[in-house]
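The structure appears below as structure tokens.
The values are calculated or read from the model by the stated rules, or taken from the named source; none is laboratory data. What you are looking at is a predicted structure, and each value in this text was computed from that prediction instead of being measured. Note that we place each Cβ from the backbone using ideal geometry, even for glycine, and neighbour counts take in every protein chain shown. With ligands, DNA and RNA removed, areas are computed over all heavy atoms of the protein, side chains included. Shrake-Rupley method; radii C 1.70, N 1.55, O 1.52, S 1.80 Å.
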Amino acid sequence: MTFDEFDRLVGRVLGGARRPNEEQRECLAHDPATPLLIVAGPGSGKTTVLVLRALRHVLVDGLPPERILITTFTRKAAKEIRTRLIEWGTPLLDAALAQSRADGDRCGSEFLIGVDVNRFVTGTLDGICEESLSRGREPDERALVVVEAFAANQVLARKGEVFATAQRVGRQFAEYLALYSNTGDPPSSLGDMTRVVRTIVDRLGQDEVDLKGYAALGPHHAAKLAICEILERYTAHLRSTGQMDFAILERIFFERLTNGRVPDALADLGAMLVDEYQDTNPLQERIYFKLAGVTGAALTVVGDDDQSLYRFRGATIELFRDFRQRAAAELGGAATRLLYLVENYRSTPEVVGFFNAFIHNDPDFAPARIDPPKPLIRSNQPSANLPVLGMFRADAATLAVDLASFLEQVFRRGGRPGDPLLPEAIRAAAAGGDLGDAVMISHSVGEFGRPFRGNPPKARFPWLLRRELEERGISAFNPRGRALKDIAEVGRALGLLLECIDPSSAGHEEGPIVEAMAITSSARAVLRRWREEAQAFIATDPPAVLPNGLTLRGVVNGWRQFGRGLGKSMEWPLLDLLYSLLPWMPMFQDDPEHQVYLEAISRAAAQAATFSPYRSLLLRDEPHRTRSKQAVVRDVLAPIADDLVEVDEDIMPSVPRNRLNFMTIHQAKGLEFPLVIVDIASAFKSNHPTQKFWRYPEEPSPVTLLEDDLAGCTPIGPLRTRRTALQRSFEDLIRLNYVAFSRPQSALLLVGSIPCLRYDTTVRHVATFWRQDGTWPWRTPVKGRPPPMANNLPITCI
């Protein structure tokens with residue numbers, strides 16, 4: 001089949017709406033003999049191009065699906081790719097086979113009969129590496145087990161001896177970690193400390209850092225040496241137990257490729273397509289180049305330098321920006337071709353015009369973009385006769401009231417009517433429109449700040465908005481808004497679990513097992529709080545809700561009997577105990593947020609089985625009865641209390657249609673909604689130094705500081721440091737807001753505090769178009785007293 005025949009087949013079988021536009025067609029038609037770099041703007045159909053190019057490799061180039069590898073950045077994206085490959089590939093292959101038979105093409109028919117559209121190799125790079133290593137294991141090799149994030153952080157904290165190291169090294173270690181914390185302060189909990197250490201040790205592997213050079217380079221020698229020792233203890237434990245984290249997984253995979261051990265499943269690759277290449281790290285790039293080099297596979301990479309968000313995970317935008325030169329140096333052959341996708345099928349012209357203006361606003365950002373830069377995005381959608389909107393108020397509480405009223409109007413009271421500011425009314429879609437058509441996004445969805453000097457944590461805008469919505473009968477969905485340890489129902493459930501396995505006696509705050517254990521003081525305080533909440537709940541004597549008539553008190557006492565060595569069973573899974581308590585806590589069954597919390601706890605217990613000696617089982621007979629209880633506390637409950645367990649976005653289900661979804665900008669990437677509300681400035685009432693990192697930095701961000709710290713001992717260092725750390729900090733904020741501004745289909749509403757819009761403001765903010773050189777195009781010079789608001793706004797304030 002020729003490419004032109006393939007193009008016509010797509011239009012005929014999938015319909016005219018699926019037929020590629022000219023830009024997409026050029027990408028699909030490109031000769032696989034040379035690498036292809038596709039710079040795909042927001043809403044331009046990059047997933048469509050990836051899927052159709054993969055199918056083109058089958059129908060035009062004659063590659064069976066098992067010789068085609070497609071990698072994505074997330075498991076969710078991989079699932080979407082696989083779904084489309086099947087949905088589009090099946091009818092295309094059927095039609096191609098019918099045409100081949102009608103033409104009497106025996107060879108073509110035999111090939112197509114043997115094609116199985118389910119055999120495309122798709123997934124994240126980590127998933128591909130894991131599966132390949134598992135299948136390619138030699139008979140005498142030990143099976144390798146990849147530990148998920150929670151288990152890996154637990155092993156890092158415990159076997160790496162993070163807390164003990166912090167106590168031993170003291171102030172120097174705390175000051176070094178403070179450099180790379182988001183607040184600039186030393187981490188205040190074991191969870192925070194472990195997260196910063198994890199960031200550093202992962203980067204040491206991703207950047208292929210020379211550890212001796214790292215420890216010897218620059219100041220903080222004692223702290224860096226301690227980090228290397230933590231990493232050594234951590235990796236030694238993983239090796240001894242046949243385990244690895246994702247960074248080690250990629251390193252082992254690359255080493256085997258280098259040594260000629262190409263996995264059988266990938267040894268005959270004919271084509272490789274890489275999505276979201278702008279978020280690739282240096283080690284991953286070496287894997288891609290090595291695979292392409294040893295197999296000769298056609299290489300297509302897709303991404304957008306303007307949408308790179310994951311520098312904090314090692315993503316190196318410079319790899320994408322300089323891909324053509326790097327590919328030529330690594331792979332040789334003909335030069336890489338550069339193509340653009342800029343036809344936007346998502347957003348109205350008003351929204352597209354706004355984010356176009358934003359990404360071109362700061363002249364200093366231009367050298368950080370790919371060269372030649374992506375052209376202006378073109379909207380392919382009709383105008384909704386609705387400008388980009390702004391809602392700015394004096395304080396977060398007032399903003400929450402007005403935004404909640406607006407959402408109530410739009411989704412519960414027939415819509416916000418048109419007026420001189422808004423020619424068109426804003427209302428829910430006539431056929432099933434609801435709050436699920438809107439999203440509230442910001443850099444953080446945290447509902448409370450940190451406690452300060454004994455004072456309770458301060459409520460943030462997401463909590464204020466949640467409260468105002470609930471007063472209007474509207475629910476929110478923000479399972480990442482609070483730490484698991486601070487969710488009342490979670491604390492009650494885990495407190496009940498504690499009372500079952502280690503009941504406290506009269507006059508004691510703790511049970512005998514917890515009391516004798518060496519856990520952090522912060523975890524101990526949380527466990528006590530949970531226990532108190534559980535005891536208060538038991539004291540209310542909740543009625544029986546089970547058919548057998550058992551009360552909560554009866555179930556708790558029954559588990560206490562088992563815990564004393566009574567009963568027939570020799571062992572019992574921890575999760576069975578937890579689930580037996582849930583009938584008295586219906587929120588875990590009925591409320592979507594609490595279902596997410598329960599899934600996070602369940603995963604923590606399940607993952608603990610990879611490193612905990614009793615694998616989250618409770619045993620009846622001594623000495624294992626006490627030891628198994630200690631393991632549950634140490635390996636499951638204390639980590640949750642120490643905030644080591646986070647709600648992973650992979651476990652969050654589809655948002656209920658009748659709830660307002662809160663998302664970070666990172667979560668929202670790749671998604672689209674009719675109405676997008678972006679909180680750009682609800683917390684920025686003054687030019688407070690602790691907030692500058694999120695709006696207009698005067699110092700480099702922790703992530704770019706770490707890059708500079710490692711630059712002298714990693715091959716990627718010179719490429720990164722062509723731009724200063726402060727420039728890279730500004731660039732990250734520009735890209736972050738660009739992603740946020742490009743999510744809407746019909747309406748974009750920016751919300752924040754009034755000082756960010758005042759003519760004479762000192763609250764400079766990248767999101768409101770402030771440039772790094774201190775100029776602000778929203779401000780027009782006037783004589784005399786300045787107006788209260790910027791008078792050159794590209795938004796309509798309501």
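Numbers at a glance
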{"item": "Rg over Rh [alpha-carbon atoms, Kirkwood Rh] for the range 382-453", "result": "1.05"}
{"item": "Gain upon complete extension [T2, E470; 0.36 nm per residue less C-alpha separation]", "result": "162.6 nm"}
{"item": "Other-chain or far-sequence residues with amide H under 5 Å of L341's (modelled H)", "result": "V39, A40, G41"}
{"item": "Dipole-positive endmost among F150, V302, L125 within the chain (Cβ charges, Cα centre)", "result": "F150"}
{"item": "Heavy-atom accessible area order for D264, D486, D679, largest first, 1.4 Å probe", "result": "D264, D486, D679"}
{"item": "Relative contact order %, the range 588-731, counting alpha carbon pairs below 8 Å whose residues are six or more apart", "result": "15"}
{"item": "Rg/Rg_globular for the range 227-304, with Rg_globular taken as 2.2 N^0.38 Å and Rg from C-alpha atoms", "result": "1.29"}
{"item": "Sulfur and carbon atoms: percent of accessible area, the range 728-781 [1.4 Å]", "result": "48"}
{"item": "Residue-wise HN-Hα coupling along the range 585-593, computed from phi with Karplus coefficients 6.51, -1.76, 1.60 (Hz; x: Gly, Pro)", "result": "10, x, 4, 6, 9, 9, 9, x, 5"}
{"item": "Estimated translational D of the range 628-748 in µm²/s (Stokes, Kirkwood radius over Cα pairs; 20 °C; 1.002 mPa s)", "result": "118"}
{"item": "Extended-chain gain in nm, criterion 0.36 nm per residue less alpha-carbon gap, A95 and E571", "result": "165.6 nm"}
{"item": "Stokes-Einstein D for the range 672-714, Kirkwood Rh over Cα pairs, 25 °C, 0.890 mPa s (µm²/s)", "result": "186"}
{"item": "Efficiency of FRET between R553 and H237 - r from beta-carbon atoms, R0 60 angstrom, step 0.05", "result": "0.90"}
{"item": "Taking the C-alpha atoms of the range 518-561, convex hull volume expressed per residue in Å³", "result": "81"}
{"item": "Mean-position separation - Cα centroids, the range 156-218 and the range 117-142, in angstrom", "result": "32"}
{"item": "Surface share of carbon and sulfur [accessible, 1.4 angstrom probe, percent] for the range 539-600", "result": "59"}
{"item": "Sequence ranges 56-63, 142-149, ranked by mean other-Cβ count within 10 angstrom, highest first", "result": "56-63, 142-149"}
{"item": "Listed residues E707, E66, E80 arranged by accessible area, highest first, probe 1.4 Å", "result": "E80, E66, E707"}
{"item": "Note, ³J(HN,Hα) from phi for the range 268-273, Karplus 6.51, -1.76, 1.60, rounded to Hz, x at Gly and Pro", "result": "10, 4, x, 8, 9, 10"}
{"item": "Distance histogram in 5 Å bins (all Cα pairs of the range 488-589, percent per bin)", "result": "2, 12, 23, 25, 20, 12, 4, 1, 0"}
{"item": "Amide H contacts under 5 Å for L750, placed H, 5+ residues apart", "result": "L389, G390, M391, V678"}
{"item": "Over 23 Å between alpha carbons, listed pairs K224/K290; K46/K290; K290/K669; K224/K669; K79/K669", "result": "K224/K290; K46/K290; K290/K669; K224/K669"}
{"item": "Inter-label distance, nm, simple model (7 Å from Cα along the C-beta direction), Q172/H666", "result": "3.1"}
{"item": "Per-selection metrics, the range 383-532 (Cα): Rg and Dmax in Å", "result": "22.1, 70"}
{"item": "Per residue, in Å², the accessible surface of the range 232-303 once ligands and nucleic acids are set aside, probe 1.4 Å", "result": "32"}
{"item": "Normalised contact order of the range 666-798, rounded percent, pairs of Cα under 8 Å and 6 or more residues apart", "result": "33"}
{"item": "Residues of the range 230-255 with amide N under 14 Å of the 7 Å Cα→Cβ point at R142", "result": "235-245"}
{"item": "Per residue accessible area of the range 438-594, 1.4 Å probe, in Å²", "result": "48"}
{"item": "Rg ratio (alpha-carbon, reference 2.2 N^0.38 Å) - the range 183-230", "result": "1.18"}
{"item": "For F673, distant residues with modelled amide H under 5 Å away", "result": "Q745"}
{"item": "Gap separating the Cα centres of the range 613-669 and the range 23-59, nearest whole Å", "result": "40"}
{"item": "Local electrostatic count, G473, Cβ distance below 10 Å [Lys/Arg +1, Asp/Glu -1]", "result": "-1"}
{"item": "In Å, descending, principal axis extents of the Cα set of the chain", "result": "81, 81, 63"}
{"item": "Nearby lysines by direct alpha-carbon distance to K692 (threshold 23 angstrom, same-chain neighbours under 8 apart not counted)", "result": "K458"}
{"item": "Per-peptide average of other Cβ atoms within 10 Å, ordering 267-275, 359-367, 727-735 highest first", "result": "727-735, 267-275, 359-367"}
{"item": "Phi to ³J(HN,Hα) by Karplus 6.51 cos²θ - 1.76 cosθ + 1.60 over the range 293-298, Hz, x for Gly, Pro", "result": "x, 7, 9, x, 5, 5"}
{"item": "Solvent-accessible area per residue for the range 40-135 (1.4 angstrom probe, square angstrom)", "result": "42"}
{"item": "Rounded D (µm²/s) - the range 303-352, Kirkwood Rh over Cα pairs, Stokes-Einstein at 10 °C, 1.306 mPa s", "result": "119"}
{"item": "Charge context of D192, other residues only, Cβ under 15 angstrom, K/R +1, D/E -1", "result": "-2"}
{"item": "The range 499-556 and the range 454-496: distance between their alpha carbon centers, rounded to Å", "result": "22"}
{"item": "Mean Cβ count within 10 Å, highest first, over the residues of peptides 201-210, 416-425", "result": "201-210, 416-425"}
